[in-house]
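See below for the structure under consideration.
The values are calculated or read from the model by the stated rules, or taken from the named source; none is laboratory data. Note that this is a predicted model, so its numbers are computed, not measured. Positions of Cβ are backbone-derived with ideal geometry, glycine not excepted, and every protein chain shown enters the neighbour counts. Heavy atoms of the whole protein, side chains included, go into the accessibility calculation; ligands, DNA and RNA do not. Shrake-Rupley method; radii C 1.70, N 1.55, O 1.52, S 1.80 Å.
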Protein chains: 4
Amino acid sequence: MNPETLARLLIRCPDRPGIVAAVTAFLFRHGANITELDQHSTDPSGGRFFMRLEFQTPGVDLAPAELERAFQREVAAGFAMDWRMSYAARRPRMAILLSAHDHAALELLWRWQRGELRVDIPCVIANHDRLAAAARAFGVPFHHVPQESPEQRAQAEGRMLEIIGERADFIVLARYMRILSADFVARFPSRIINIHHSFLPAFVGADPYRQAYERGVKIIGATAHYVTEQLDQGPIIDQDTARVSHSDEIDDLRRLGRDLERQVLARAVRWHVEERVLVDGNKTIVFS
Amino acid sequence: MNPETLARLLIRCPDRPGIVAAVTAFLFRHGANITELDQHSTDPSGGRFFMRLEFQTPGVDLAPAELERAFQREVAAGFAMDWRMSYAARRPRMAILLSAHDHAALELLWRWQRGELRVDIPCVIANHDRLAAAARAFGVPFHHVPQESPEQRAQAEGRMLEIIGERADFIVLARYMRILSADFVARFPSRIINIHHSFLPAFVGADPYRQAYERGVKIIGATAHYVTEQLDQGPIIDQDTARVSHSDEIDDLRRLGRDLERQVLARAVRWHVEERVLVDGNKTIVFS
Amino acid sequence: MNPETLARLLIRCPDRPGIVAAVTAFLFRHGANITELDQHSTDPSGGRFFMRLEFQTPGVDLAPAELERAFQREVAAGFAMDWRMSYAARRPRMAILLSAHDHAALELLWRWQRGELRVDIPCVIANHDRLAAAARAFGVPFHHVPQESPEQRAQAEGRMLEIIGERADFIVLARYMRILSADFVARFPSRIINIHHSFLPAFVGADPYRQAYERGVKIIGATAHYVTEQLDQGPIIDQDTARVSHSDEIDDLRRLGRDLERQVLARAVRWHVEERVLVDGNKTIVFS
Amino acid sequence: MNPETLARLLIRCPDRPGIVAAVTAFLFRHGANITELDQHSTDPSGGRFFMRLEFQTPGVDLAPAELERAFQREVAAGFAMDWRMSYAARRPRMAILLSAHDHAALELLWRWQRGELRVDIPCVIANHDRLAAAARAFGVPFHHVPQESPEQRAQAEGRMLEIIGERADFIVLARYMRILSADFVARFPSRIINIHHSFLPAFVGADPYRQAYERGVKIIGATAHYVTEQLDQGPIIDQDTARVSHSDEIDDLRRLGRDLERQVLARAVRWHVEERVLVDGNKTIVFS
């Protein structure tokens, strides 16, 4: 499978019979070779229908813009589809925001460097400067935007928006320990991924490992989710857990949790990059 | 989703463009409402293509036999498809064979009783009689077919074939500790499921928990697979593992392993019953 | 290791140097052969110390009552120990309470029947009568104590206390869907085990699978905990989780969850029976 | 717990009553404050006994050498103990060997840099030079020792022994794709840790992901073990597995497997560094 000639078609519409036939017949007619197809219906009678296809473009008989116009006219209009096509050759651009803890950001940079994450990274922004040298060693622009107090938020976010500009398609909060303003979040709907260091909805908010320790849980977790205006309430992309015991101190939970956070965030980002995640209200559909 | 009006279509054919479009257009044309669709290609250029669809039949415009004839004529012939349609209202019939250990068989009977396994159970056959009362408490015919020595195998298998007759669609070896003859196996190709108490291909053959203990592994496993002529070499349907430690004796491995065996076998049988497992040479495709 | 001659010593006291030496020297002096030893300190300086030993009694030079008096005098008094010795030959007596869902109760009965749970079961009490035949098939007394409305609670609990009387050492709520009164709970401190069908503290209260479904989590869980006056807030004994996806409906979560509940409850009950669980405030120490 | 004043005592001897009492009484008498204690017996009657203690040294009344002499005289001699004491303030020195794949080596370097691995790293040796820049960015001496063919092995091993000299206490093969000679291995008994990319004993030897793919397994694994003369047969320290499906190609198995390898190797190395791993014939006892 050549990733350079891979295209994706994502569809959401009211469910009714005939959608798959119409979509696949259209693609076949125009020479697209479908290599992956997933669909999900919240309810075959009157529910919402979601579909994701991967296809190879070399045999396609139309230029991308024409293909898209034809799809709208011949298929999408009749089914009231909300849809988009995208091309893997155009890599999504990912901005990374972090604070003092660098394990989640480094994990992404590392996977990116070895080719596991097909993105461009226009900027890494931190409110601490610890990661500066490491980021630069990866050849990635690093920006230090301090934010010591809530009062500095407006200014810091303004500075970050300048840096990000039109340069990023989505943002990853790789242990970014500040709460973004509703305004900032609203600019990137379903395009900011956060890693929260608990199995949500347990332990919302600050210091979840301490909360977990004090509750005496026997498993800890990590959750990757899209950021919405409400703290830690956005659609969950992925979660995972690990066993702990009475002999684990808070610092052990943090150490074990770091490994979970790295794995869960990396998986969620990969799925987002490959456009495997569709948002449905406050839930996600993940065609993994 | 009404299970009584659910049909399934399973397809295997050489991969080439247009299959999904042809199949889904056919079903749409005849009023079938597709509720699940999975496909897999071993290689988009010249590979083998596998597809499984679930659809609801109430709107279908043809009787089953007619629909099948039409499908063969209009779709399957052109793509050289090996295919079958089946109807969930007709429950598959499952024979259970076991020896002295009853946990795997009881797990199946239990799930069957609570409606998790949509099968009929024409017979339970054991070479020990320990399970007789338990099987009968489930209202299932129990047969004791002793087999004390290898010499008795031919006779025992003959007796089992009489009991099974045409009454079973598939057979589950729920810890059946005898090796079936090649002749017996050949009568049920891809229709005998065995649970082996190790993560195959490790610890083939007898007493795998002892083998595992002696090797000093830190995980144990269980494997459900289709039975072929070669011992423990058939296509794997499902596997799972659990952590163990130096403090676990062989009997601990057996106790922990029983839980794995029950889970893995129950999952594999459910997938088989729902026709989610397609065999491809010595591998399986599981559309779970 | 002979379970019939196995004794256990459980200790809790302020931590300070010399405890392990004093305890093990005492047991050695009196001919006890230690076969397991675990200890935990919340903090070596001024923390709480917990210890569990298993030893074989055949070589012990004193009768149990004398050994205990000697231990109090020679060791425990000096370290301000809260302690107890117990003898595995005396099986703890477990009462089971349940409502309409029988999978958790059946799992316990089943493991008990195969010898995995070394308990006596004086009674199974349900507020539905579905399980009556099944319980009796295990040879266990079954009692139906209806409780249709909150108003009937006092009467139902009174009836249950009559049945349980002095006959049970601990109680397992195997999906008992009523909230016990504070009075009832207070009679069995750290001796009522509940299985809650979520990973606590997420999804406290009613219908956690529905809550999980609506939140769109990617893992579900189960939690076994001691019951305290506050609903779902007691010390956690064990938890486990399983992955789910967008395609799992609420009924799928319930089905997958049942398997988790059975495993987690069975593990917690076994640990409790083997006296591996020590309560420390709202947490547990599990010497598994 | 201050790691700088932490000492460890590791013991192996024939099992018989009184060992724990003798050891803990000795340490108490000399002012050592025990903070961890684990023991294991292969069989209380005539088995082998293993014990690991951690204690704090500030209150100890003797200098280390004197304490050790006293322990030999007063305790160890009488029980025919094989034992050692060690002091966490003296960090073990870890040499890393690798080939072209750098993920395992980088994981160790990364954890070391963030303080999770309390070791010194005198050298990283690779038979490819890809990792040179990365290793040096961590401030670790890097050596390129090519070994293109089996004929070059003797020379390459000679060069590596020169580099390692007396500078390393143990060696980690972080995806070192050459087979070490029996002579080399014999110099570091139970002191070479290898990460094998399968769940041993399945898929010994070359390209285990391809073997796994061809067998059609539903789980892949990774195994960390001590290296012995026999390829992939040494004592297993840790293992873990991950689920895969029919849709995973060999490259997917490799990608998923890398994450397993990193986790399993990091855990095994941490346990080795903290002296939690005792070798017993071809097995390990891991006091984790």
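Taking 0.36 nm per residue of separation and subtracting the Cα-Cα distance, what length does fully extending D:ARG29 through D:ASP129 add? Show your work: numbers first, answer last.
Working: separation 100, 0.36 × 100 = 36.00 nm, distance 5.42 nm.
In short, 30.6 nm is gained.
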Spin-label pair C:ASN282/A:SER247, simplified geometry with 7 Å Cα→Cβ offset, distance in nm: 2.6 nm
Whole-Å distance, taken between Cα centres, linking segment B:36-52 and segment C:1-56: 61 Å
Solvent-accessible surface (1.4 angstrom probe) belonging to A:VAL227, in square angstrom, nearest 10: 20 Å²
Solvent-accessible area of B:GLU151 with every protein chain in place, 1.4 Å probe, in Å² to the nearest 10: 150 Å²
Label spacing, shortest first and in nm, from C:ASP183 to its equivalents in the remaining copies (7 angstrom along Cα→Cβ): 6.0, 7.4, 8.5
Listed residues B:THR241, B:GLN263, B:LEU231: farthest to the positive end of the dipole of segment B:231-288 (Cβ charges): B:GLN263
Radius of gyration, Dmax [the protein assembly as shown; alpha carbons; angstrom]: 31.4, 94
Inter-centroid distance (Cα atoms) of segment D:221-284 relative to segment B:105-126, Å: 38 Å
Kirkwood Rh and Cα Rg combined as Rg over Rh, evaluated for segment B:123-214: 0.98
In the protein assembly as shown, lysine pairs closer than 27 Å at Cα, eight or more apart or cross-chain: 12
Net charge of neighbours whose Cβ lies under 14 Å from the Cβ of B:ILE163, counting Lys and Arg as +1 and Asp and Glu as -1: +1
Virtual spin-label span in nm between A:GLU74 and B:ARG114, 7 Å along Cα→Cβ: 5.1 nm
Note, ³J(HN,Hα) from phi for segment C:282-287, Karplus 6.51, -1.76, 1.60, rounded to Hz, x at Gly and Pro: 9, 10, 10, 10, 10, 8
Under-5 Å amide H pairs with D:ARG48, H placed in peptide plane, nonlocal only: D:ASP15, D:THR42, D:ASP43
Of all DSSP beta bridges in segment C:93-286, antiparallel share, percent nearest 5: 50 percent
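Calculate how many DSSP beta bridges within the protein assembly as shown are antiparallel, expressed in % of all such bridges and rounded to the nearest 5. Kindly include the intermediate steps, with their values, before the conclusion.
On the way: 152 of 212 bridges.
Taking every DSSP beta bridge within the protein assembly as shown, about 70 percent pair in antiparallel fashion.
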GNM flexibility winner over chain B from B:ALA126, B:ALA242, B:ALA104 (Cα, springs under 10 Å): B:ALA242
7 Å along Cα→Cβ, label-point gaps from D:PRO64 to other copies, nm, shortest first: 4.8, 6.4, 7.9
With 10 Å bins from 0: P(r) over chain A, alpha-carbon pairs, percent: 6, 25, 30, 23, 12, 3, 0
For segment A:1-80, the spread of Cα positions along each principal axis, largest first, Å: 37, 25, 16
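Compute, for segment B:93-286, the length of the dipole vector about the Cα centre, with Cβ point charges of +1 (Lys, Arg) and -1 (Asp, Glu) only. Units Debye, rounded to 20.
Details: 25 positive and 27 negative charges, 79 e Å.
Here the size comes out at about 380 debye.
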Segment A:76-232: projected area of the alpha-carbon convex hull, averaged over directions, in nm²: 11.9 nm²
Distances in nm from D:GLU214 to the matching label points in the other copies, shortest first (labels 7 Å along Cα to Cβ): 2.7, 5.4, 5.7
